[in-house]
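To start, the structure under review is shown below, and the notes come after it.
The values are calculated or read from the model by the stated rules, or taken from the named source; none is laboratory data. What you see is a predicted model; the values in this text were computed from it and never measured. Virtual Cβ from ideal backbone geometry, glycine too; neighbours counted across all protein chains shown. Side chains included, ligands, DNA and RNA excluded: accessible areas come from the protein's heavy atoms. Shrake-Rupley method; radii C 1.70, N 1.55, O 1.52, S 1.80 Å.
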Amino acid sequence: MEHIRYIARQRARFKGLSGPVNIPWGAALENEGGFLMWRGEQLCAATSQNAFDFFSHDDDGQGRERGALVTAILARLQPQNPGDACQARWDKVWGDALCQRYRRPEHEDHWIWSYDFYNAPTVDLWHIARLIGARPKYK
């Protein structure tokens, strides 16, 4: 499914297809032909790492919540300090059937979130967040 409306889930500063960009949190973008558009210019492909890192689809009006959940999940799965129980959280993700739906299967021994994770229904993202103790912050 191609999503039409996206929202910046955090400030986006990177070199886009049309040059450097500085897009504020909460800005709305449109998908045209598989490319996210900002002020009439192609920014990046909707399936690019930049799209995953900075934007969430908002066709259902839940883009801010989705973005906050994705951000919180990704942050919670990063080691915070020495002795952190990060591996225990990852073990929960690896063992969870719902999480497996959002894993790129071509990487058998390494977890990489799929495109579907970044566009998942918020109910699924809440499940993952609760599973690992992530606490999303959104306005």
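By the scheme Lys and Arg +1, Asp and Glu -1, what is the net charge of all other residues having a beta-carbon under 14 Å from that of residue 21?
+2
May I ask you to order 2-9, 50-57 by the average number of other C-beta atoms within 10 Å around their residues, highest value first?
Taking the mean over residues of other Cβ atoms within 10 Å, the ranking is 50-57, 2-9.
Classify segment 58-139: rounded, prolate or oblate, from the alpha-carbon gyration tensor (a ≥ b ≥ c, eigenvalue square roots; a/c under 1.5 rounded; otherwise prolate if a/b is larger than b/c)?
The shape class here is oblate.
Using helices alone, I'd like the mean residue ellipticity at 222 nm for the chain: each DSSP H run of four-plus residues gives -39500 (n - 2.57), total over residue count, nearest 500.
After summing the helix terms and dividing by residue count, I get -9500 deg cm²/dmol.
Please compute the per residue accessible area over the chain with all protein chains in place, 1.4 Å probe, rounded to a whole number of Å².
Result: 56 Å² of accessible area for each residue.
Determine Rg/Rh for segment 12-81; Rg is computed over alpha-carbon atoms and Rh is the Kirkwood hydrodynamic estimate from the same atoms.
Radius of gyration relative to Kirkwood radius: 0.99.
So what are the ³J(HN,Hα) numbers for segment 13-30, from phi and the Karplus equation (6.51, -1.76, 1.60; θ = phi - 60°), rounded to whole Hz, Gly and Pro as x?
Coupling constants for segment 13-30: 10, 6, 8, x, 4, 9, x, x, 10, 9, 9, x, 3, x, 5, 8, 10, 10 Hz.
Would you work out if segment 86-132 is rounded, prolate or oblate? Take a ≥ b ≥ c from the square roots of the eigenvalues of the alpha-carbon gyration tensor; rounded if a/c is under 1.5, else prolate when a/b is larger than b/c, oblate otherwise.
Oblate, since a/c reaches 1.5 and b/c is not below a/b.
Pairs of alpha-carbon atoms within less than 8 angstrom and 6+ residues apart define the contacts here; what relative contact order does segment 77-139 have, in percent?
Averaging sequence separation for qualifying contacts and normalising by length gives 28 percent for segment 77-139.
Normalised by the number of residues in the chain, what is the relative contact order in percent for Cα pairs under 8 Å and 6+ residues apart?
Taking the mean separation of contacting Cα pairs over the length of the chain, I get 23 percent.
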